[in-house]
1. In region 103-140, what residues are closer than 22 Å to L64 by Cβ, hydroxyl-bearing (S, T, Y) and in a strand (DSSP E or B)?
2. Go through the residues of region 14-21 one by one and say whether even a single one is farther than 21 Å from Y109 by Cβ and at pLDDT 85 or above.
3. Have a look at S95, S131 and point out the one that is free of Cβ contacts under 8 Å to residues at least 24 places away in the same chain, touching a Pro at 6+ places or on another chain (Cβ under 9 Å) and among the hydroxyl-bearing types (S, T, Y).
4. Of everything in region 42-77 that's surrounded by fewer than 16 Cβ atoms within 10 Å (Cβ to Cβ) and aromatic (F, W, Y), which residue is farthest from D163 (Cα to Cα)?
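The values are calculated or read from the model by the stated rules, or taken from the named source; none is laboratory data. Since this is a predicted model, take the numbers as computed values, not measurements. We place every Cβ from the backbone using ideal geometry, glycine too, and count neighbours over all the protein chains shown.
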Amino acid sequence: MKITKITNVLAIMFLFVALMSVPAWAITMGGTPIIAIDGNTDGNVTVDILSAGGTGTYTYGYFLNGSSIFSSIGFVSVATFQGGDVIDFALYDGSRYYTLSGDNADSSYSAIMTFANQVTVGAPQQPAWWSNPYYNNANITWILPTVVNTNELALNFVNNGSDGVAPVPEPGTLILLGSGLLGFGIMGLRKKGK
């Protein structure tokens, strides 16, 4: 009984230390689509995202909200999205697409994403279920036969920056988080019943 309690305490302490060690101003992760977050102080429901980065022989673009339609983006261009849009950035080499969502399922390439410049003006306006933090900037390093860097900057021309982007949690991450919370709930019920 004592060993179980000690194990539980150690697990909680490890989780706390792991969470505290992540910098508050940025997160780094593997490839995943991003979601456009509209800040709540401009009265609009759009997010302008400036895409920049030399993609060499690859065509740069995105798939929007799970669609199979590829929209290309110029070397430096601004695209407008609705708050809540899920954007799956991609590179096209003329024969295949390399997407952020396919990164984990395909070992032939990978993407490293760094989200920085946390938005602190207000709370997210859309989608309503989203919570802080979200960021002005997402930098993507595509690890292909050649390394390609792209950069996404959420712009707000009205009030200088309450819009942003955030990584979309992967289903596996959500399942892991949900099972952990379920385990804590069961532990609490078992304790209460004794």
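1. Of everything in region 103-140, just one residue is closer than 22 Å to L64 by Cβ, hydroxyl-bearing (S, T, Y) and in a strand (DSSP E or B), namely Y135.
2. no
3. Step by step, each of S95, S131 is checked, and only S131 is free of Cβ contacts under 8 Å to residues at least 24 places away in the same chain, touching a Pro at 6+ places or on another chain (Cβ under 9 Å) and among the hydroxyl-bearing types (S, T, Y).
4. Step by step, filter region 42-77, then rank; the result is F70.
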